[in-house]
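The next block holds one structure in the form of structure tokens; read it before the comments.
The values are calculated or read from the model by the stated rules, or taken from the named source; none is laboratory data. These figures come from a predicted structure and were not determined experimentally. Here the Cβ positions follow ideal geometry from the backbone for every residue, glycine too, while neighbour counts run over all protein chains shown. Ligands, DNA and RNA are excluded from the accessible area calculation, which covers all protein heavy atoms including side chains. Shrake-Rupley method; radii C 1.70, N 1.55, O 1.52, S 1.80 Å.
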Amino acid sequence: MSREPGCSRWLLFAACAHLFFLLPPLRTRAFAVSVVPEGAEDETELPVLQKSQKSGTISKISRELKEIVFIIQSQSNSFHSKRAEDLKRDILKQAADLGKELPTVLLIHQMDGHEGAWTILPLMRDFSVTYGRNSSWIFFCEEDTRIQVVKLLETLGRFDGSKEWFLGKALYDEESTIIHHYAFAENPTAFTFPDFAAGWALSIPLVNKLAKKLKSEPLKSDFTIDLKHEIALYIWQKGEGPHLTPVPEFCTDDVNSYKVDHCATTFSNFLPLCGEPVKKEDVFVAVKTCRKFHGDRIPVVKQTWEREAALIEYYSDYADISIPTIDLGVPNTDRGHCGKTFAILERFLNHSSPRTPWLVIVDDDTLISIFRLRRLLSCYDPNEPVFLGERYGYGLGTGGYSYITGGGGMVFSRIAVQKLLASKCRCYSMDAPDDMVLGMCFSGLGIPITHSPLFHQARPMDYPKGYLSHQIPVSFHKHWNIDPVKVYFTWLAPNTEESLNGKKAGYNREDL
């Protein structure tokens, strides 16, 4: 789809002058208008300032904020809900400083009655009914997205809100990947999907269209694995719907970067630290393994991240004193490992120190930074039932539940383990998928899982470079066709840790 034409030189001057007087003193920033030329695909090819000679006008800066509904991808965990509330207050303060009517700002986790609210598509009918007549845009963002409201208004004003628009910062796969079921294998770069961290927007006509489609054709996919890709696929509708339109003002650079003068959004791209990192002795690490992998996977753990863990045990179907491994009396299974995982939970509760607040369960082919995990855990209250990792979903279009996918690592507070085992919720078979059973159990207990994008179920090469560029990852998974030791020292080792001021260090990351 083509862009709306730009403004004339004189109108651009007037709009910029109007912007100067509207901005409050502490937020004043010299923004440049960035117009995407027809056919441009890469943000690096876009000019910072381009004056269109086409007829037409840019919507004025005074576009009413009430026409935009802000949706923050929040979570009910106390750490995350506070961050989302802080962002909500900032948006409303900017609106108040402009003297505008306050916009609607919603937090996903507060939308009752939607177990799968975080997957967004089940909410489209509600959005259509509630905002379909009096709004122009639904703008989605994460809790760490930072928004310059005036610049966002200006950016959305370039697009005709009466048409179907799907706007965002474009990501793409450089090669087909298992995460996306090897979609577009012949040319994976041809399909783009939004980086949620930069924010993304749907025009109301598109929201209404999606709501109508969902009413007649409910979601069919059982699993939600990579939401941003799956939403883009659903909107695209095999070519019948709109592609993602890349918007260069939707950015993931840090707010203090020299690159962000043209940005409507930025992203707080650092690993959170809320006081001192938790002590090594406060994290118990359980490694799931089996006899056939003792010779190849366990040596990788010992060469890489084992040294970061003060408390670590290896659980297997065979007691090998050279490692050493502990035989839990649970036979190895070729499918799920529910029996083994619940035996580990029982052992943690009954045999570890009751003063150890955190349990981490990982596979023997998980690469993890315990160093970074200790920093991340400083932001979570061990007195809350915390179940943390990378979130997937099962059957969320028709009820279902969310779960933490096991390969990236599953983190439990002791109180979460206590509540789980007290509930008597157990495996329906010894070889059931442990991560899904845990998700089902916690859902039944009313304990939400807590998502962190820093845990990864797959390898670095399975993710878009643009997505990983604003992360300090905690884990990756799988040894397929890679040198896992090299991956660890490139992406996760403490010697590549962020600098003392909280910013990311300049990693020398190779194409892994």
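List of remarks:
- The residues of the range 456-502 that are open to solvent by less than 30 Å² (accessible area, probe 1.4 Å), at pLDDT below 95 and of a type in the set (S, T, N, Q), listed by number, are GLN471, THR496.
- For the range 434-449, the candidate set comprises residues that are touching a helix residue (DSSP H, G or I) at 6+ places or on another chain (Cβ under 7 Å) and not in a helix (DSSP H, G or I); within that set, the residue that is nearest to HIS181 (Cα to Cα) is ILE449.
- Of all the criteria given as (1) within 30 Å of ASP434 (Cβ to Cβ); (2) touching a Lys or Arg at 6+ places or on another chain (Cβ under 8 Å); (3) open to solvent by 40 Å² or more (accessible area, probe 1.4 Å), the one not satisfied by PRO218 is (2).
- Considering the range 340-361, and only residues there that are hydroxyl-bearing (Ser, Thr, Tyr) and in contact with an Asp or Glu (Cβ under 8 Å, 6 or more places away or on another chain), the residue that is surrounded by the most Cβ atoms within 10 Å (Cβ to Cβ) turns out to be THR341.
- Boolean, PRO453 is part of a loop (DSSP other than H, G, I, E, B) and either surrounded by 20 or more Cβ atoms within 10 Å (Cβ to Cβ) or modelled with pLDDT under 95 (or both): no
- Scanning the range 196-214 for residues that are open to solvent by less than 20 Å² (accessible area, probe 1.4 Å) and among the polar types (S, T, N, Q) yields one hit, SER203.
- Test: residue in the range 187-195 that is polar (S, T, N, Q) and open to solvent by less than 40 Å² (accessible area, probe 1.4 Å): yes
- Scanning the range 370-426 for residues that are open to solvent by less than 40 Å² (accessible area, probe 1.4 Å) and acidic (Asp, Glu) yields one hit, GLU390.
- If you go through the range 226-266 and keep only what is open to solvent by less than 40 Å² (accessible area, probe 1.4 Å), in contact (Cβ under 8 Å) with a residue 12 or more places away in the chain and among the hydrophobic types (A, V, I, L, M, F, W, C), you end up with LEU227, ILE231, ALA232, ILE235, LEU244, VAL247, PHE250, CYS251, CYS263, ALA264.
- Scan of the range 291-327 for residues that are charged (D, E, K, R) and under 26 Å from THR490 (Cβ atoms), ordered by number: ASP296, ARG297, LYS302, GLU306, ARG307, GLU308
- Identification of helices (runs of 4 or more DSSP H) wholly contained in the range 58-168 with 2 or more residues that are at pLDDT 95 or above and open to solvent by 50 Å² or more (accessible area, probe 1.4 Å) yields 78-97, 124-131.
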